[in-house]
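Visitor: Before I ask anything, let me first share the structure, which is written out below as structure tokens.
The values are calculated or read from the model by the stated rules, or taken from the named source; none is laboratory data. Just so it is clear, the structure is predicted and the values come from calculations on it, not from any experiment. Note that we place each Cβ from the backbone using ideal geometry, even for glycine, and neighbour counts take in every protein chain shown. Keep in mind that these areas ignore ligands, DNA and RNA; they rest on the heavy atoms of the full protein, side chains included. Shrake-Rupley method; radii C 1.70, N 1.55, O 1.52, S 1.80 Å.
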Amino acid sequence: IWRSGFPLVQIMREVPFSQFPAILADNRSGTYEATCHLIRLGHQKIAFLGGREDISDYHERLTGFMDAMNEAGLRVPSGYIYPIANSRDAGRKALKTVMDYDSQISAVVCFSDLMAYGVLSVSRELGIKVGSDLAVVGFDDLADSRLTHPALTTVQVEAELFAQAS
């Protein structure tokens with residue numbers, strides 16, 4: 001389609017090896033700021049949950065997380081990073097796995113709000129009180145994130161503005 005002259009713009013995700021323009025969220029900066037927020041609150045054992053290693057968003061968000069952790073001089077054991085496809089069930093599995101690795105983790109940065117919904121759900125089942133025992137941050141600011149209890153802290157991405165900018 002691109003080679004035939006049809007105007008195309010990628011929005012929110014970049015297709016590997018494509019040659020047409022992309023308008024993307026600042027994944028690195030958003031995750032960096034979210035992680036810094038958790039660090040300022042005193043969290044030192046912070047995990048990064050979700051995302052597939054074959055998509056650019058994952059690497060950008062993980063880089064932002066790692067940059068913030070490294071700047072703060074905080075150690076990130078390999079068990080604190082849990083890549084997995086994006087879903088509520090994946091969020092549930094990811095939290096169980098990292099908490100089995102280190103039950104002292106006090107905060108998680110989730111690849112997406114969808115992952116965070118799973119984290120919130122399984123936290124209740126595990127007797128972990130979100131807000132006091134565990135801080136949870138999502139990414140995307142989906143409308144449903146205001147309906148969770150407690151309300152999800154999340155990185156806002158306004159895809160509609162990206163579409164207008166293209």
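Visitor: May I ask you to list the residues in region 54-70 that are open to solvent by 40 Å² or more (accessible area, probe 1.4 Å) and either touching a residue at least 24 places away in the same chain (Cβ under 8 Å) or among the polar types (S, T, N, Q) (or both)?
Guide: Taking region 54-70 first, the residues open to solvent by 40 Å² or more (accessible area, probe 1.4 Å) are 54, 59-60, 63, 66-67, 70.
Passing the criteria: Glu60, Thr63, Asp67, Asn70.
Visitor: If you take the residues of region 77-86 that are modelled with pLDDT of 95 or more and not in a helix (DSSP H, G or I), which of them is farthest from Glu125 (Cα to Cα)? Give the steps one after another, and end with the answer.
Guide: Kept after step one, since they are modelled with pLDDT of 95 or more, are these residues of region 77-86: 77-84.
From the residues that got through so far, the ones that are not in a helix (DSSP H, G or I) too are 77, 81-84.
Working: Pro77: 25, Ile81: 22, Tyr82: 20, Pro83: 22, Ile84: 21 Å.
Residue satisfying both the conditions and the ranking: Pro77.
Visitor: So, one more: Mind telling me which of the residues Leu62, Leu74, Leu95 ends up being modelled with pLDDT of 95 or more and part of a loop (DSSP other than H, G, I, E, B)? Talk me through it step by step, then tell me what you get.
Guide: Details: Leu62 fails: part of a loop (DSSP other than H, G, I, E, B); Leu95 fails: part of a loop (DSSP other than H, G, I, E, B).
Going through Leu62, Leu74, Leu95 in turn, the sole match is Leu74.
Visitor: Would you point out which residue out of Gly131, Gly138 is within 23 Å of Met69 (Cα to Cα) and touching a Pro at 6+ places or on another chain (Cβ under 9 Å)?
Guide: Values: Gly138 fails: touching a Pro at 6+ places or on another chain (Cβ under 9 Å).
Checking each option against the conditions leaves just Gly131.
Visitor: Okay, next question. Please go through region 36-53 and pick out each residue that is in a helix (DSSP H, G or I), aliphatic (A, V, I, L, M) and surrounded by fewer than 15 Cβ atoms within 10 Å (Cβ to Cβ). Please lay out each step first, then the result.
Guide: Initial filter on region 36-53 (in a helix (DSSP H, G or I)): 36-40.
Among the residues that remain, those that are also aliphatic (A, V, I, L, M) are: 38-39.
Hits for region 36-53: nothing passes.
Visitor: Exactly one condition in (1) under 20 Å from Tyr117 (Cβ atoms); (2) open to solvent by 50 Å² or more (accessible area, probe 1.4 Å); (3) of a type in the set (Lys, Arg) is not met by Arg75; state its number.
Guide: Going through the list (1) under 20 Å from Tyr117 (Cβ atoms); (2) open to solvent by 50 Å² or more (accessible area, probe 1.4 Å); (3) of a type in the set (Lys, Arg), Arg75 breaks only (1).
A quick yes/no check of all residues on (1) open to solvent by less than 10 Å² (accessible area, probe 1.4 Å); (2) acidic (Asp, Glu); (3) in a loop (DSSP other than H, G, I, E, B); (4) touching a strand residue (DSSP E or B) at 6+ places or on another chain (Cβ under 7 Å):
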{"position": "Gln104", "(1), (2), (3), (4)": "no, no, yes, no"}
{"position": "Val108", "(1), (2), (3), (4)": "yes, no, no, yes"}
{"position": "Leu114", "(1), (2), (3), (4)": "no, no, no, no"}
{"position": "Tyr117", "(1), (2), (3), (4)": "no, no, no, no"}
{"position": "Arg124", "(1), (2), (3), (4)": "no, no, no, no"}
{"position": "Ala135", "(1), (2), (3), (4)": "no, no, no, yes"}
{"position": "Gly138", "(1), (2), (3), (4)": "yes, no, no, yes"}
{"position": "Thr148", "(1), (2), (3), (4)": "no, no, yes, no"}
{"position": "Thr154", "(1), (2), (3), (4)": "no, no, no, yes"}
